[in-house]
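**Student:** Pasting in a structure now, in structure tokens, and then I'll have a few things to ask.
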Amino acid sequence: MDRYELAWAAGFFDGEGWASLDRREDRRTGQPHARVNQADANGVPEVLGRLQRALGGLGRIRGPHVEEGRIDLYRWEVSSRGDVEQLHHLILPWLGEVKLLALSIALERPAARSRIASAIDEWRAWAAGLYDGEGSTYLPNHRTHTGYRNAESRITQGSLGVAPEVLVRFRSIVGVGAVYGPYQQTGSNLDIYRWNASARTEVDTALAEIWPWLGTVKREQAASVLAVVRSQPTLPRGRVEWGSHKTHCIHGHEYATARIRPYVSRGAGVQRRNSEQCLQCARDRARARRQEKRRSATDDDCRSISEHAANYLLK
């Protein structure tokens, strides 16, 4: 079996899967059960077929479950102890702590410990699986420029009072974005957390990291969003009403004649910030400082040796 596909399957199960122990009255022992649900209006979802193939044909795909007003629902599932044991064995190296605990309860055994992720291809494949299950790339409106759209990427997970391990993992693998939360959501028993990337460069970087293993649906979604963003003209930096693109400095000097020069730190030789200053204002400030020094030197020469400087200046 392909380890990258198994890692992808683990990430997908971390996002969409669940496991439980069915204790029916007509059975002497509990029956382990694991399932992944996925909705699709066009037939069996591609990701469920990929999950089954990654696991060597393990499990069955059932559906659709039809409900009025909702997209048809399909499911991949295993419902025997042997099959759940096999699932646990195959994806254990990459599973997060929540799904490891769920499988341990289903199998009535101590939970294995989750492993630390790193920025290598196996973990990038896991991250792609998580994104295929819970991620999305979408087009919110620009906050300040009407008619423009931004590209954003997001993964949402529920947790009780602490950021979900899988979101922290994902952030460490792709190296961009941030985990936000908790948020309250109507109808949810858990706090809601989100990994989110909203800067264009961060969205590009995150998608590039997981692209080789990402499924067709999420690839098409991301490509569609990025095509819209790239088709827009480049926005000018800053806003005119907030002082961008000014022709005069705050003291009325025209930039065309006063000239602008880059700010250069006179400290340790390191430029502290990327800013500009009016050369005329800089000259005026330097002239004022020189005049103040000359006045202080003259005052010191005129006062009596026994007279305190503060008293002399009050005259």
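**Student:** Under a crude label model (7 Å from the Cα following the beta-carbon direction), how far is I61 from T216 in nanometres?
**Tutor:** Roughly 1.0 nm, to one decimal.
**Student:** While we're here: Please give me, ordered by residue number, the trypsin sites (Lys or Arg not before Pro) of segment 46-103 that lie in loop per DSSP and have at most 14 other Cβ atoms within 10 Å.
**Tutor:** Counting only loop positions with at most 14 other Cβ atoms within 10 Å, the trypsin sites (Lys or Arg not before Pro) in segment 46-103 are R70.
**Student:** List the trypsin sites (Lys or Arg not before Pro) within segment 140-179 that fall in a DSSP loop (any state other than H, G, I, E or B) and whose Cβ has at most 13 other Cβ atoms within 10 Å.
**Tutor:** In loop regions of segment 140-179 (DSSP not H, G, I, E or B), the sparsely surrounded trypsin sites (Lys or Arg not before Pro) are R143.
**Student:** If you don't mind, another one. With +1 on the Cβ of every Lys and Arg and -1 on the Cβ of every Asp and Glu, and nothing else charged, how large is the dipole of segment 72-113 about its Cα centre, in debye rounded to the nearest 20?
**Tutor:** Here the size comes out at about 160 debye.
**Student:** Just check segment 3-107 against the gyration tensor rule for me: Cα atoms, a ≥ b ≥ c as the square roots of the eigenvalues, rounded for a/c under 1.5, and otherwise prolate or oblate depending on whether a/b exceeds b/c.
**Tutor:** Here segment 3-107 falls in the oblate category.
**Student:** Based on other C-beta atoms within 10 Å, arrange T298, T146 from fewest to most.
**Tutor:** T146, T298
**Student:** Here's a follow-up. Starting from the Cα of N189, step 7 Å along the direction of its Cβ; do the same at E68; then give the gap between the two resulting points in nm.
**Tutor:** 2.9 nm
**Student:** Can you compute the FRET efficiency between I105 and V168 using 1/(1 + (r/R0)^6), with r the Cβ-Cβ distance and R0 = 22 Å? Round to the nearest 0.05.
**Tutor:** 0.45
**Student:** Continuing with the same structure: For the pair T205 and D284, what calculated FRET efficiency results from E = 1/(1 + (r/R0)^6), where r is the Cβ-Cβ distance and R0 = 41 Å, to the nearest 0.05?
**Tutor:** 0.35
**Student:** Same structure, new question: Need one number: nm distance between label points at R27 and E292, each 7 Å from Cα along Cα→Cβ, rounded to one decimal.
**Tutor:** About 8.3 nm separates the two model spin labels.
Each value in this text was obtained by applying a stated rule to the coordinates, not by laboratory testing. Please read all numbers here as calculations on a predicted model, not as lab measurements. Heads up, the Cβs are rebuilt from the backbone with ideal geometry, glycines too, and the neighbour counts pull from every protein chain shown.
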